[in-house]
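Worksheet: the structure to be examined is printed underneath.
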Amino acid sequence: MPSSDTSSLHDRVILIGERRWVIASALANELRAKGAQVVMVANSHSDLADLPNLSAAVLDIDSPDLRKRLAAKGIPFVLYTARAQIDGEGMSAQIIRKPALRAEVVARLQQLLM
């Protein structure tokens, strides 16, 4: 039985849009340990918002069109980035500045999905 701190991610489909494989892989492992199903991409396009059963996303890619589509569909997302400025739509998104602990990113997703 999943504990209460993991239930918000159990069987949820989470999109990770991250160009650096080592970061994406480590984050994916952390999310899978909490019961999430993970889709990792290095490059984004707005059609990713149509992934079946998509629950949330973690993005650090230049993806204003994807952010706009996710917001329009009510799919929460976190921008996990080292960039000082973020262009386009999605400015109301949760922003976590790199470097941050993976646990902080996971905890923010859990809060968004409660």
How tilted is helix 21-33 with respect to the longest principal axis of the chain? Cα atoms for both, answer in degrees (0 to 90, nearest 10). 30
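What is the projected area of the convex hull of the Cα atoms of segment 13-113, averaged over all directions, in nm²?
Numbers: hull surface 22.0 nm².
Averaged projected hull area, Cα only: 5.5 nm².
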Computed over the chain: longest principal axis from alpha-carbon atoms vs helix 64-73 long axis, angle to nearest 10 degrees, is 50
Long-range amide H partners of Leu79 with built H, under 5 Å: Leu59, Gln94, Ile95, Ile96
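Bear in mind these aren't lab numbers, they're just calculated from the coordinates by the rules spelled out. Just so you know, these numbers come straight off a predicted model, no measurement behind them.
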